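The values are calculated or read from the model by the stated rules, or taken from the named source; none is laboratory data. Bear in mind the structure is a predicted one, so any value in this text is a computation, not a measurement. In this analysis, Cβ positions are derived from the backbone assuming ideal geometry, glycine residues included, and neighbour counts consider all displayed protein chains. These area figures cover heavy atoms from the full protein model, side chains too; ligands, DNA and RNA do not enter into them. Shrake-Rupley method; radii C 1.70, N 1.55, O 1.52, S 1.80 Å.
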Amino acid sequence: MKKKYKKYFSSAITIFVAIIISFYLVRSMPGDFIHLRATEIQLQQSLTYETAYNIAKRQYNYDPSVPIYKQFIGYVGGLAHGNLGQSVILRIPVTDIIRKALPWTIFLCSVSLFISFLLGSIIGLFVSFRSRIRWLDSTVSFAAALSQSIPDFIIALLLIVILAINIQLFPLRGAYDVDTVPGFNIPFILGVLYHAVLPVMSYVISTIGAWTLTMKASASTVLSEDYINVAKAKGLRDKRILSKYIGKNAVIPLVPGLAISFAMMLSSSLFIENIFSYPGIGYFFGFSIGNRDFTLLQGILLISIVMIVISNHVADKVHEWLDPRIDL
Amino acid sequence: MKLIDSLTSRYKILTHNNRAFFGFLILILYFLMATIGPHLVSLDNIIDYAGRYQGISLQHWLGTDYAGRDTFSQIVHGSTDVMLIAFSTAFFATFMAIIIGIFSGLKGGRIDAFIMKIVDILLTLPQFPIMAIFAGIFTIKDSITFGILLACFSWAPLSRGIRSQVLSIKNKEFIEVCHIMNMSTFHIIFKELLPNMIPFISINFIHIAKNAIIASVGIMLLGIVPLSVTNWGMMINIATKQVGAIYVPHALPYLLSPIFFIVVFQFALINFASGVEELFDPRSRGR
Amino acid sequence: MKKLAFSLFGCLCFLFLLSCSKAPNNKVILRLDGGWYIPPAFHGNPYAPGGDGTHMHFIWNRLFLLVPATDQNIPRLGLSHNISSDRRVLTIKLRKGVLWHDETPFTAKDVKASILIKYAGGWGDIIRRIKTPDDYTVIFEMREQIGAIDEKIIFNDRIMAPYHIFGKITDRIEKIMEEDDRKMTGPQKEKSAAIFEKKAEIMQEIYSFRPSVPIGTGPFKFSFVTGSDFGLKKFKKGFEAKKISIDEIRILKNVSNDITWAYLIGGAIDVTHPATLQDVTEQILKLNPKTRLILPSDYGEFGFVFNTKKYPLSDIRFRKALAYGVKKDNIRLISYYYSKTVSNYNTGVLHSLSDRWLDKSDLDKMTSYDYNPEKTHQILKEMGFSIDKEGFYLKPNGLPLKLTIAGFAGRSDWVLGCEGLVSQLRKLHIRAEIKTYEGALFHQRLAANKFDIAANFGADYRAYAHPLTTFERYFGNGAYIKSASGMPDQVKYHDGTTLSFKKELHVLNKAREPGLIKKTVGKLAWAANEYLPFLSIYEKNLMIFVVDGKRVKGWPSPEDPIWSASSAGMESVFAYLISTGIVRSVKEYR
């Protein structure tokens, strides 16, 4: 019991240190938003830069000359009350934005990641088990190289052009049918699934190659182990060997990668969400970077920090469960 | 003499395995392209708008781009930087990941927990602000430094993967036997642990190398390094986003050339890696 | 495995059937693309970030729509205007029978409220008082003579602040305006910092105001908003509602040009304006015979800012050498094929309007930078530059000469322009490289003079069609191009006198006699051309793709002067064309 608490405590410290570092980094990013806004005002209204800067500074009620440590104390004080602060540009609580946008991202990314990981590792496992069939191995390797080398934006664009524009099988953009009422009703849920097909597909196609290859490599290590030969000699069925012995052991080194991919989806979802106008956190992540909305960016980073620490924690647990001999 | 013997025997394995040999040959070709290629093919920078998107011909092996410049010479001249970036990133990142992953996994306990906390913190560092801060302070002149910069962002996930492999191998019987036989840690790492992880490490090496080619575009757009229109990743980016090559049939060679060269590069690496695995893992040689 | 595949396939089939079974929609929907803040950031206050976006053009009307090609003002909410003979009073008569979307009548108070908010936001120190003698008359009393474009700024302003919503705030702004006026006319002429503080405080309140739905007087009202679509429906009680045959407007989220091209090729959109290279454009027009391309001038010129604070560009001879050695049209073709060529002068006077503002006698006094690389080499050699073994120039101190061209990451036409320039410089034996910067960093670099040459807009006339906006940009105190290029406050004129920019800009703003205006424009144009803070490459055209005859028809011909109003926001032109019934549904109106 005591050990468990210790672990939570050390995780909390990790999160805290990460927050301090990211807070400092975000605030020292070049190109502060007041400058950005001042340039905009200056270009629109033909004012001198000084006047525009003063106007912008007043608009946002943010003074960059306040020392960072004072800003940080204020921020942590807010955090203690579950308050992530107010977006400096949008003027709404950061928690509101995250509460609305995060579920979409989690839905899209976990479905995509699940499908991509599952299909990729099944193919990888199968190919590695049947590695004597040379043509299969080569074909899969080539397909994986193809999937990895074509950038995701081209894959998404091709899917849009072919499946949404030419055949008109799937919707071009958005997360649900605008005629339906968001909520727990069947037309809405079906619409959500229908709209998710293309984004999920482009995510899966562009990442499946990596999972296939990693699984293949991992499984080939396991395959050379003696106990596999023993199992084969015992006359166990292939399916049982695959799932019981190889699969379980081969998946171990992939678990951290899976956890990190899951945790990183806040930033990696930016592109797919953008191209399909998906209302997830990617839009706000891009917005907060482009406009230097410090508090919003800070809030999104906080979520991603917590997700990384938790995911890695879970990955360790899964590892323990898969391989009871180790003690973490 | 012994060394030469072992080298030739290893070379034989490489040539014996057809796939590995095939990959090896292609990599040699890429190496030649990156080293002596730029001296053989001259890069023509002059814009000739009327001569844009010429088809594949003897004069222009891969046609011309949106400004009438020869695509093949761009690929050749870009290959030097692309190869350097890809390999230096992959090399440094893998190196870091191996050292940290193995050390942390072997030591275990508090040290492991502490190192993993640091890795977690590094994983949480927001890439964009760091790059942006970087852009304000430095400009990078050579591709290897560029590779090191990219490597800083790509080693952490791999080190976690390696660590968890070390953790599961560590408890296997043969390692315990080694411990009982009082073998040196050095021996355990290089003779027992690493060979077991070669397939996993080499495939990740390939991933990192490929990702570096694509990631270099983002760094160029931040102004940390000058924009290079011969960088393959940049060529793909320009061809899709600026030129709209997907919609213009006669612009397709310009889009497909860099993709083709990256795919083949990766395919060659994958094949070559299968030979490397056999080199290090005697047990799978027979299969 | 099989089970999984089967169930996946089943799901797909089901979803497909679902998509087919949808009931057809009888409404006429016009589709275009644009941007807005997605929920939960979206709100109905257009003055604060979160409320602005493409929908503004359809929800709110302007007083007049400015048509720069003919210098006309088309009445929208305003019917007529009049400026007193001493140029100190502007009277605007308003349209009657206009309703806000919540069905409150539109009156002069609403116009006053909107201009007061503009005043609190930083513009309009010239205004002394705004009077509303009756519901349909607004009188602006000015502190000084109305300047060259002041009235146009008011005409062009969207009336977005209904008095019954913003009244409490704008009444307080009016008090500030009165106080400001007392201080200005009183003994201390200095502008009071207290006034500035008060304005800022009020603006804070305005920015924090977050109604959920925007209320305007425009032809369309808010219907719904998501992350991907913005829906607007016809305002049935609008003052032009009878002429409108389009029921809904659907704005699709603009992602990037490559996606917009897909929309265009697939016929998913009726009107859009992506900057597009020649071959993609031809492909789009070929695949969709009903698509037409309209190319109105953007009233702006693309080119390169020279940093006159950094050697060697600090030497006027070097800048001139570059101007002689660059073939503008080669850069224009690769950067923006559908643009207008410009002359060999770099006067800052927009090429297509140059006859209106510049006389031949003015141009005769200026250097014409005709393409002449020999001259470039001659000047460089005179300056002490030499050529090294690799065939590139060395600086007089023996170090290699290398110029860095700053580009704006993401603006592909600018980056292509940079590429064109690099190619030309290499031809001149000058080493050059491109560095692109993301938006915030780009502006910051320019403001801090951390670059050699940067892509940007020089001439920028907008809808006002007056050189003042550009010369303010070039020479105004703290203005964009001036601070980037580092031009001094005054220069020597060709007759040996001193040319003070501040003074000349003031004359240009207030002068009325055509002779004086032209003379001043001539002076400033001379300074721009001879001191070369900016090298102009081409005059940008907007590229508007309209699909005529699929869902809607009646788009005016490309030559129609109405298109020139696009430089102040082409969606305003679309809104005008739709609400006057010029663009209408292909179906007969029910």
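Which one of these is touching a Ser or Thr at 6+ places or on another chain (Cβ under 8 Å) and either open to solvent by less than 10 Å² (accessible area, probe 1.4 Å) or not charged (D, E, K, R) (or both): C:407, C:384? If you could, list the steps in order and put the result at the bottom.
Details: C:384 fails: touching a Ser or Thr at 6+ places or on another chain (Cβ under 8 Å).
Only one candidate passes the filter, namely C:407.
In region A:126-147, which residues are within 11 Å of chain B (Cβ to nearest Cβ), basic (Lys, Arg) and outside any helix (DSSP H, G or I)?
The answer is A:132, and nothing else.
Can you name the residue in region C:535-579 that is basic (Lys, Arg) and in contact (Cβ under 8 Å) with a residue 60 or more places away in the chain and is also most open to solvent (accessible area, probe 1.4 Å) among such residues? Walk me through it before giving the result.
First, the residues of region C:535-579 that are basic (Lys, Arg): C:540, C:550-551, C:553.
Filter once more, so that each one left must be in contact (Cβ under 8 Å) with a residue 60 or more places away in the chain: C:540, C:550-551.
On the way: C:540: 38, C:550: 95, C:551: 61 Å².
Among those that are basic (Lys, Arg) and in contact (Cβ under 8 Å) with a residue 60 or more places away in the chain, it is C:550.
Quick one: how many residues across region A:88-121 are in contact (Cβ under 8 Å) with a residue 40 or more places away in the chain and within 30 Å of residue B:19 (Cβ to Cβ)?
Selection size over region A:88-121: 6.
Tell me, which residue of region C:263-297 that is more than 23 Å from residue C:569 (Cα to Cα) and among the hydrophobic types (A, V, I, L, M, F, W, C) is surrounded by the most Cβ atoms within 10 Å (Cβ to Cβ)?
Per the stated criteria, the residue is C:280.
What number of residues within region B:233-256 are in contact with a helix residue (DSSP H, G or I) (Cβ under 6 Å, 6 or more places away or on another chain), open to solvent by 10 Å² or more (accessible area, probe 1.4 Å) and outside any loop (DSSP other than H, G, I, E, B)?
Residues that pass the stated criteria total 3.
Would you tally the residues in region A:285-303 being of a type in the set (Gly, Ala, Ser) and open to solvent by less than 20 Å² (accessible area, probe 1.4 Å)? Step through it out loud before you land on a result.
Residues of region A:285-303 that are of a type in the set (Gly, Ala, Ser), as a first pass: A:286, A:288, A:290, A:299.
Restricting the remaining residues to those that are open to solvent by less than 20 Å² (accessible area, probe 1.4 Å) gives A:288, A:299.
Qualifying residue count for the region: 2.
What residue, among those in region C:481-503 that are part of a helix (DSSP H, G or I) and in contact (Cβ under 8 Å) with a residue 24 or more places away in the chain, is surrounded by the fewest Cβ atoms within 10 Å (Cβ to Cβ)? Even if it seems obvious, please write down each step before you answer.
Just the residues of region C:481-503 that are part of a helix (DSSP H, G or I), to begin with: C:481-485, C:501-503.
Going one step further and asking which of them are in contact (Cβ under 8 Å) with a residue 24 or more places away in the chain, we end up with C:481-485, C:501-502.
Numbers: C:481: 26, C:482: 23, C:483: 18, C:484: 26, C:485: 25, C:501: 23, C:502: 12.
Among residues in region C:481-503 that are part of a helix (DSSP H, G or I) and in contact (Cβ under 8 Å) with a residue 24 or more places away in the chain, the one surrounded by the fewest Cβ atoms within 10 Å (Cβ to Cβ) is C:502.
A quick yes/no check of all residues on (1) of a type in the set (S, T, N, Q); (2) in contact (Cβ under 8 Å) with a residue 24 or more places away in the chain; (3) not in a helix (DSSP H, G or I):
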residue	(1), (2), (3)
A:255	no, yes, no
A:270	no, no, no
A:279	no, yes, yes
A:299	no, yes, no
A:308	no, yes, no
A:315	no, yes, no
A:321	no, no, no
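Yes or no: residue C:380 outside any loop (DSSP other than H, G, I, E, B), more than 29 Å from the chain's Cα centre (by Cα) and more than 9 Å from every other protein chain (Cβ to nearest Cβ)?
Numbers: outside any loop (DSSP other than H, G, I, E, B): yes; more than 29 Å from the chain's Cα centre (by Cα): yes; more than 9 Å from every other protein chain (Cβ to nearest Cβ): yes.
In short, yes.
Name, by its number, the condition in (1) surrounded by fewer than 15 Cβ atoms within 10 Å (Cβ to Cβ); (2) modelled with pLDDT of 95 or more that does not hold for residue C:220.
(1)
Could you grab me the full set of residues in region C:179-196 that are at pLDDT 70 or above and open to solvent by 90 Å² or more (accessible area, probe 1.4 Å)?
Result: C:182, single match.
Looking at region C:335-366, which of its residues are within 22 Å of residue C:322 (Cα to Cα), open to solvent by 30 Å² or more (accessible area, probe 1.4 Å) and touching a residue at least 60 places away in the same chain (Cβ under 8 Å)?
Within region C:335-366, C:340, C:341, C:345, C:351, C:365 meet the criteria.
Answer yes if at least one residue in region A:158-172 is in contact with an Asp or Glu (Cβ under 7 Å, 6 or more places away or on another chain) and within 11 Å of chain C (Cβ to nearest Cβ), and no otherwise.
Of the residues in region A:158-172, the ones in contact with an Asp or Glu (Cβ under 7 Å, 6 or more places away or on another chain) are none.
Among the residues of region A:158-172, not one is in contact with an Asp or Glu (Cβ under 7 Å, 6 or more places away or on another chain) and within 11 Å of chain C (Cβ to nearest Cβ), which makes the answer no.
So which of C:149, C:206, C:165 ends up being free of Cβ contacts under 8 Å to residues at least 60 places away in the same chain and either out of contact with any Gly (no Cβ under 6 Å at 6 or more places or on another chain) or surrounded by 16 or more Cβ atoms within 10 Å (Cβ to Cβ) (or both)? First the steps, then the outcome.
Values: C:149 fails: free of Cβ contacts under 8 Å to residues at least 60 places away in the same chain; C:206 fails: free of Cβ contacts under 8 Å to residues at least 60 places away in the same chain.
Just one listed residue meets the conditions, C:165.
Do we have any residue at all in region A:227-242 that's within 14 Å of chain B (Cβ to nearest Cβ), among the hydrophobic types (A, V, I, L, M, F, W, C), open to solvent by 10 Å² or more (accessible area, probe 1.4 Å) and part of a helix (DSSP H, G or I)?
At the first step, the residues of region A:227-242 found to be within 14 Å of chain B (Cβ to nearest Cβ) are A:227-230, A:232.
Those left that are additionally among the hydrophobic types (A, V, I, L, M, F, W, C): A:228, A:230.
Still in the list and also open to solvent by 10 Å² or more (accessible area, probe 1.4 Å): A:230.
Imposing the further condition that a residue be part of a helix (DSSP H, G or I) reduces the set to A:230.
Within region A:227-242, one or more residues are within 14 Å of chain B (Cβ to nearest Cβ), among the hydrophobic types (A, V, I, L, M, F, W, C), open to solvent by 10 Å² or more (accessible area, probe 1.4 Å) and part of a helix (DSSP H, G or I).
Would you pick out the residues in region C:428-447 that are part of a loop (DSSP other than H, G, I, E, B) and facing chain A (nearest Cβ under 10 Å)? Before the answer, list the steps.
We begin by selecting, within region C:428-447, every residue part of a loop (DSSP other than H, G, I, E, B); these are C:428-430, C:438.
C:438, the sole residue that qualifies.
Which of the residues that make up region C:299-335 are polar (S, T, N, Q) and within 30 Å of residue C:465 (Cβ to Cβ)? Walk me through it before giving the result.
If we filter region C:299-335 for residues that are polar (S, T, N, Q), which is where we start, we get C:307-308, C:314, C:330, C:335.
Of everything in region C:299-335, those that are polar (S, T, N, Q) and within 30 Å of residue C:465 (Cβ to Cβ) turn out to be C:307, C:308, C:330, C:335.
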